[in-house]
């Protein structure tokens, strides 16, 4: 029952968090559809404009409009209001392709390298994931490899204390790869389980940053074959199209196995979830809708679409 209440509570927060996105996307869509007596090219042009403005992206919009036109030709769509159902179904179909929670084996060492630019909520995300894994009964170790910001080490230390898990760290400005080496060694010599590594995100030194991340990857693979098992990229939903550019860069430079989308509660750009799913085809692992420790949850496509299409008064 408590778990059911927790799920319901998160759904309500998600629904509330998507209110700005819903207003931008569905209010416009509703206005267009209610104002139309027939399905014609002018209606499709208006819909296309509204969808692109909501950050769902041109690729998704193009696929949706073509699908709608095809259904009209086959006489499967007779009235404008039915188009909203098609919009919902198409969104769900695309998001389901990218719904993939992390699969962590019960035994051995599992390493998660968390990357992303500064300000996306990386360290907080790590703390929340650590809390969730600890509640599942797993051993968790945090590794502070963002050594260039003393505040990052302090913030991760605060989370380690809060969640009651060990933290591997060195002094500020230490070599990040050396801290990662210590973290893997600690797991191998006495504390297997999930090792979560925080990394720097100084994008203004992009080349240096990527080389540093590649070096960490090499050290991990050398010390533990198969590591890193997961490279999680944390993106800030409020940055909209910038999040897409960041995802492409990290994917192309170091490889990304999963995404975390934070701050969905503070944006009208929640449509970027659909754009990411359509254009990048990287699994969406988690979404975040607030500051509370349980406001980060595994991404569920049906839950997201239902929350987006359900008004707050229902």
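Computed from the C-beta positions of residue 170 and residue 310 and an R0 of 30 Å, the FRET efficiency is 0.05 to the nearest 0.05. Computed from Cα positions, the angle between helix 206-223 and the longest principal axis of the chain comes to roughly 60 degrees. Measuring r between the beta carbons of residue 162 and residue 241 and using R0 = 30 Å, the FRET efficiency lands at 0.30. Based on alpha carbons, the Rg and Dmax found for segment 229-304 are 11.6, 33 Å.
With the contact rule set at Cα under 8 Å and sequence spacing of 6 or more, what percent relative contact order holds for the chain?
Numbers: 534 pairs, mean separation 85.1, N = 314.
Relative contact order for the chain comes out at 27 percent.
Using a Gaussian network model on the chain with a 10 Å cutoff between Cα atoms, which of 118, 98, 208 fluctuates the most? Answer for the Gaussian network model of the chain: 208. Between helix 58-73 and the chain there is an angle of about 30 degrees, using the helix long axis and the longest principal axis of the Cα atoms. With r defined as the distance between the Cβ atoms of residue 252 and residue 97 and R0 fixed at 25 Å, what FRET efficiency is calculated, to the nearest 0.05? Given R0 = 25 Å and the Cβ-Cβ separation, E is 0.75. Binning all Cα-Cα separations of segment 116-219 at 10 Å, short to long from zero, yields these whole-percent fractions: 16, 49, 31, 4.
Using the C-alpha atoms of segment 18-86, what convex hull volume per residue, in cubic angstrom, is computed? Don't skip to the end; give the middle numbers.
Details: hull volume 5.2 nm³, N = 69.
Measuring per residue, one finds 76 Å³ for the Cα hull of segment 18-86.
What percentages, rounded to whole numbers, describe P(r) for the chain computed over all alpha carbon pairs with 20 Å bin width beginning at zero? Histogramming the chain at 20 Å steps yields 32, 51, 16, 1 percent. When the chain is treated as a Gaussian network with alpha carbon springs shorter than 10 Å, the biggest mean-square fluctuation among 16, 132, 36 belongs to 36.
Using helices alone, I'd like the mean residue ellipticity at 222 nm for the chain: each DSSP H run of four-plus residues gives -39500 (n - 2.57), total over residue count, nearest 500. Please report the intermediate quantities before stating the final value.
Details: 12 runs with 169 residues, N = 314.
Result for the chain: -17500 deg cm²/dmol, rounded to the nearest 500.
With springs only between Cα atoms under 10 Å apart, run a GNM on the chain and tell me which of 49, 93, 76 wobbles the most. Maximum fluctuation in the GNM of the chain, among the listed residues, is at 76. With both labels modelled 7 Å from their Cα along Cα-to-Cβ, the residue 49 to residue 16 distance reads 3.5 nm.
Here, each number is a calculation from the coordinates, and none is a lab measurement. On a predicted model such as this, the values are computed, not experimentally measured, just so you know. As a convention, Cβ positions derive from the backbone with ideal geometry for all residues, glycine included, and neighbour counts pool all protein chains shown.
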